[in-house]
Amino acid sequence: MINTIERHQYIINKLQQEGQVNVLYLCNELDVSSVTIRKDLKLLEDKGLLFRTHGGATLHNPYTIDRSINEKEKIHSTEKMHIGAAAAKMLQPNDSILIASGTTVLALAKSIQAQENLTVITSALPVAMELIRYPEIEVLQLGGVLRKSSSSVTGPHAERSLADFSCSKLFLGVDGIDIEFGLTTTNVMEAHLNRQMIMISQKTIVLADSTKFGKRGFGRICGFEDIDQIITDKGVSDYNVKALEGIGVKVTIV
């Protein structure tokens, strides 16, 4: 049996490779109990080498903070552009789609080409402003309480409005993707609205750069059983891809 120092080195090496580790996986690999692994993780966290999460640990702080859309748009902008372009290729003639808020779904809006009979419902003002220049695209802007940090609307009025629609696809932006906890955002009201969007959509596609994996926001949107696909970039770890594909979520890497 390997000693404590060797276990700690193994855990750190695995974290550096994958970005996160799972207690059950470590128990099997190191042939020790979950009690031993949890003690190891606590000691390593006390030394500032990792952050413990429910069921494991991550190399980076798993909790997200609310940032303004202007700030977020500058972060991983190239990756978001590629993700948005890939999502735009999924559009079909006569589509009626929902676009939620966020900078990655805004990259989708910037990639949409003018086409006949495309209807876009959105909660995000920047998305509406991007698409309003195309006379061929019908844009329906939801009303409600304006969330200034994201330049998008939330609240009961927006949620009630969605009851009148049925869409073929929802393109959803998130602040966190945690294998144990699901999809999250930093705002509870936005999480509620996102859930309503999922309910009226035939297919839900999450657009998220790889930094969103292993993170949690304050408001839980849904579990992975409620989404169909995630489009992300090459920075996503094999651990996350295998875990998601193992529960039936398609992962597209661009």
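Each residue in the range 216-235 was checked for being farther than 18 Å from A107 by Cα and surrounded by 21 or more Cβ atoms within 10 Å (Cβ to Cβ), and 4 pass. Would you say M199 is surrounded by fewer than 24 Cβ atoms within 10 Å (Cβ to Cβ), at pLDDT below 95 and either more than 20 Å from G56 (Cβ to Cβ) or touching a Ser or Thr at 6+ places or on another chain (Cβ under 8 Å) (or both)? No; evaluated as a whole, the condition is false for this residue.
The combined condition, being within 19 Å of F213 (Cα to Cα) and not basic (K, R), is fulfilled by V23.
Once the range 239-254 is narrowed to residues that are among the aliphatic types (A, V, I, L, M) and assigned to a helix (DSSP H, G or I), the residue that is surrounded by the fewest Cβ atoms within 10 Å (Cβ to Cβ) is V241.
Scanning the range 183-199 for residues that are outside any loop (DSSP other than H, G, I, E, B) and touching a residue at least 60 places away in the same chain (Cβ under 8 Å) turns up T184, E190, L193, N194, M197. If you go through the range 141-155 and keep only what is within 15 Å of I121 (Cβ to Cβ), surrounded by 15 or more Cβ atoms within 10 Å (Cβ to Cβ) and not hydroxyl-bearing (S, T, Y), you end up with Q141, L142, G144, V153. Given (1) within 21 Å of I198 (Cβ to Cβ); (2) surrounded by fewer than 19 Cβ atoms within 10 Å (Cβ to Cβ); (3) modelled with pLDDT of 90 or more; (4) of a type in the set (V, I, T), where does T64 come up short, assuming only one miss? Result: T64 passes all but (3). Scanning the range 217-237 for residues that are farther than 26 Å from N187 by Cβ and out of contact with any helix residue (DSSP H, G or I) (no Cβ under 7 Å at 6 or more places or on another chain) turns up just one, K234. Answer with yes or no whether T104 is assigned by TED's automatic domain parsing to the domain that holds M189 and more than 22 Å from V174 (Cβ to Cβ). Spelling it out, it is not the case that T104 is assigned by TED's automatic domain parsing to the domain that holds M189 and more than 22 Å from V174 (Cβ to Cβ). Candidates E190, E138, E130: the one that is surrounded by 21 or more Cβ atoms within 10 Å (Cβ to Cβ), acidic (D, E) and farther than 30 Å from G56 by Cα is E130. Name every residue in the range 154-182 that is part of a strand (DSSP E or B), in contact (Cβ under 8 Å) with a residue 40 or more places away in the chain and touching a Gly at 6+ places or on another chain (Cβ under 7 Å), in order of residue number. Within the range 154-182, G173, G176, D178, G182 qualify.
The values are calculated or read from the model by the stated rules, or taken from the named source; none is laboratory data. All figures in this text were calculated on a predicted structure; none of them were measured in a lab. Glycine gets a Cβ as well: all are built from the backbone with ideal geometry, and neighbour counts include every protein chain shown.
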